[in-house]
Amino acid sequence: MKNKQHIKKGEGENYNYSQDHCFIKLSSRDTNGELCLIEDSVKPGFHLKRHHHKLMTEVFYMLSAEMELVFDDETIILKEGDTITVPPNVWHEAICKDGGKMLTLFKNGAFDVFLETLSKMTEADFSNKALMKSVSNKFDIYEE
């Protein structure tokens with residue numbers, strides 16, 4: 001990135017899915033794939049299935065409400081103002097029953113491009129398990 005970027009509240013490329021509404025605050029395209037920052041309004045009943053990353057580090061910062069993060073060795077309730085860093089190769093799952101808001105920083109990952117790819121997929125694509133696994137793996141997301 002050669003120039004500063006100022007993205008105001010409610011701005012940025014955004015994707016409104018059934019479980020959450022994501023705003024891209026820093027694109028991996030602007031950082032040579034090194035960083036990506038997502039502002040995420042998670043909707044009630046949010047559930048991110050158990051997965052891990054081989055290269056990507058994920059940093060969650062809870063802006064409001066609470067989110068349950070389930071790891072192999074413990075479960076952590078992330079509360080407003082809490083941060084947790086999940087390094088590569090750590091299996092994790094996220095549950096936010098009541099909805100909330102968080103920032104997620106991705107290091108060495110193009111999660112914003114993953115969201116963009118999902119936004120162009122059809123219902124039939126989402127039903128195709130082999131395709132979904134391939135797309136997820138392409139973006140360093142590995143499920144059981």
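Report every pair of residues separated by at least 6 positions or lying on different chains whose Cβ atoms are under 9 Å apart, first residue within region 130-144 and at pLDDT below 95 and part of a helix (DSSP H, G or I), second charged (D, E, K, R) and surrounded by 15 or more Cβ atoms within 10 Å (Cβ to Cβ). From region 130-144, no pairs qualify. In region 45-54, is there at least one residue being under 19 Å from residue 34 (Cβ atoms) and either within 14 Å of the chain's Cα centre (by Cα) or among the basic types (Lys, Arg) (or both)? Looking for residues that are under 19 Å from residue 34 (Cβ atoms) and either within 14 Å of the chain's Cα centre (by Cα) or among the basic types (Lys, Arg) (or both), one finds at least one in region 45-54, hence yes.
Filter region 116-129 down to the residues that are surrounded by 13 or more Cβ atoms within 10 Å (Cβ to Cβ) and not in a loop (DSSP other than H, G, I, E, B) and list them by number. Matches in region 116-129: 116, 117, 118, 119, 125. Screening the candidates 74, 93 for the property of being more than 19 Å from residue 26 (Cβ to Cβ), surrounded by 13 or more Cβ atoms within 10 Å (Cβ to Cβ) and either of a type in the set (Asp, Glu) or modelled with pLDDT under 95 (or both) yields one hit, 93.
If I ask for residues that are of a type in the set (Lys, Arg), surrounded by 13 or more Cβ atoms within 10 Å (Cβ to Cβ) and part of a loop (DSSP other than H, G, I, E, B), which ones from region 8-45 would you list?
Applying the first criterion (of a type in the set (Lys, Arg)) to region 8-45 yields 8-9, 25, 29, 43.
Still in the running and surrounded by 13 or more Cβ atoms within 10 Å (Cβ to Cβ): 25, 29, 43.
Within region 8-45, just 43 meets the criteria.
Summed over region 50-81, residues that are touching an Asp or Glu at 6+ places or on another chain (Cβ under 6 Å), part of a strand (DSSP E or B) and among the charged types (D, E, K, R) total 1.
Just one of the listed residues (90, 113) is in contact (Cβ under 8 Å) with a residue 12 or more places away in the chain, on the phi < 0 side of the Ramachandran plot, of a type in the set (A, V, I, L, M, F, W, C) and part of a loop (DSSP other than H, G, I, E, B), namely 90.
The values are calculated or read from the model by the stated rules, or taken from the named source; none is laboratory data. Keep in mind the model is a prediction, meaning the values are calculated, not measured. Using ideal geometry, Cβ is built from the backbone for each residue, glycine included, and neighbour counts are taken over all protein chains shown.
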